[in-house]
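One structure below.
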Amino acid sequence: MDNRAVVVKLGGSIISESKTKKFSYRGETIASLARAISTSGVDVVVVHGGGAFGHPVAKEYGLSSRSSKPSPEGVSETRRAMFDLNARICDSFMAGGLHPYTFSPFPVLAAAGRKGAKWLEQTIAAGLTPVTFGDVVNVGTGFKILSGDTIALLLSKMLGAERCVFVMDVDGIMGPEGLLRSVEKKDARELKLSPSEDATGGIALKLRDALRMASAGTEVAFVSGFRPAEFSKALKGLSFRGTTVKGPSRE
Ligand code: IP8
């Protein structure tokens with residue numbers, strides 16, 4: 001692949017109206033983001049979160065980002081909710097002009113060397129958009145949730161992604177005086193981010209992952225999914241309304 005790929009993480013806040021409104025889904029919004037991807041000319045890999053699908057069900061059955069021994073029913077129901085959401089996302093993507101190709105993150109992340117990256121690159125070259133999602137992992141001694149944010153981080157690293165774009169329901173990361181246009185490691189310590197209701201950690205974890213990505217050379221953008229034009233600019237690396245997370249200066 002000549003162009004370095006961009007990893008897009010669709011956060012639960014843009015997928016669903018509210019995490020408490022179980023199985024709520026913003027189809028039109030997701031289709032408008034798909035249109036922005038399909039007209040951008042950018043090679044994209046998409047990871048989506050759990051929103052009002054995976055999270056409430058995981059919570060009901062006591063699944064979290066820590067390994068535990070939930071009931072078999074809980075594991076199946078949580079995964080079922082995620083596959084159901086993925087089917088809806090694929091429908092919206094097709095309505096927006098994309099050809100989604102859903103893949104399980106596990107074999108791709110476990111592939112040795114450049115094998116996983118090559119497989120993703122070949123999928124993109126075939127005209128498809130690889131799509132994966134936060135999932136329930138069998139860790140041998142129990143089960144835990146692998147957050148879509150962590151998957152986005154691992155895939156960005158594997159692909160040597162140019163940037164990773166986190167799409168949410170607000171313009172970006174908010175500081176005491178409103179939208180932060182850029183965040184560096186030193187600012188993050190002073191930021192008091194609200195604790196999350198998520199099964200997997202919310203904005204604080206997202207920012208921690210973003211700072212790690214930025215230090216490894218992948219630019220990170222936070223943008224509102226309600227602004228497809230700004231999302232499109234963020235995808236292309238143009239100046240956009242949102243937050244950019246910067247790594248340490250390389251000068
Ligand atoms: O919303 C969580 O993914 P996230 C996926 O990216 C499940 O943290 C299974 C709740």
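The values are calculated or read from the model by the stated rules, or taken from the named source; none is laboratory data. Since the model is a prediction, treat every value here as computed from it, not as a measurement. A quick note on method: Cβ atoms are made from the backbone with ideal geometry, for glycine too, and the neighbour counts reach across all protein chains shown.
Residues checked against (1) of a type in the set (A, V, I, L, M); (2) at pLDDT 95 or above; (3) within 16 Å of the ligand (Cβ to nearest atom); (4) within 23 Å of Arg212 (Cβ to Cβ):
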| site | (1), (2), (3), (4) |
| --- | --- |
| Thr123 | no, yes, no, no |
| Gly160 | no, no, no, yes |
| Val167 | yes, yes, yes, yes |
| Gly172 | no, no, no, yes |
| Arg189 | no, no, no, yes |
Open item on the list: If a residue counts only when it is in contact (Cβ under 8 Å) with a residue 60 or more places away in the chain, which strands (runs of 3 or more DSSP E) contained entirely in the range 66-151 have at least 1 such residues?
Closed with: 129-133, 135-138, 143-146
Task: Residue check for Ser64: within 11 Å of the ligand (Cβ to nearest atom) and surrounded by fewer than 19 Cβ atoms within 10 Å (Cβ to Cβ) - done: yes
Open item on the list: Going by what's in this entry, would Val131 be described as within 15 Å of the ligand (Cβ to nearest atom) and surrounded by fewer than 20 Cβ atoms within 10 Å (Cβ to Cβ)?
Closed with: no
Open item on the list: Quick check on the range 135-146. Is at least one of its residues under 29 Å from Phe240 (Cβ atoms) and hydroxyl-bearing (Ser, Thr, Tyr)?
Closed with: no
- [ ] List every residue pair whose Cβ atoms lie under 6 Å apart, where the two residues are 6 or more positions apart in sequence or sit on different chains, the first residue falls within the range 3-14 and is in contact (Cβ under 8 Å) with a residue 40 or more places away in the chain, and the second residue, located anywhere, is in a helix (DSSP H, G or I).
- [x] Ala5/Leu159; Val6/Leu235; Val7/Ala152; Val7/Leu155; Val7/Ser156; Lys9/Gly148; Lys9/Ala152; Gly12/Gly51
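Table: residues versus (1) touching a helix residue (DSSP H, G or I) at 6+ places or on another chain (Cβ under 8 Å); (2) polar (S, T, N, Q).
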{"position": "Met213", "(1), (2)": "yes, no"}
{"position": "Thr218", "(1), (2)": "yes, yes"}
{"position": "Ala221", "(1), (2)": "yes, no"}
{"position": "Phe226", "(1), (2)": "yes, no"}
{"position": "Glu230", "(1), (2)": "no, no"}
{"position": "Ser239", "(1), (2)": "yes, yes"}
{"position": "Lys246", "(1), (2)": "yes, no"}
Open item on the list: Is it the case, given these coordinates, that Val75 is within 11 Å of the ligand (Cβ to nearest atom), surrounded by 17 or more Cβ atoms within 10 Å (Cβ to Cβ) and over 29 Å from Val6 (Cα atoms)?
Closed with: yes
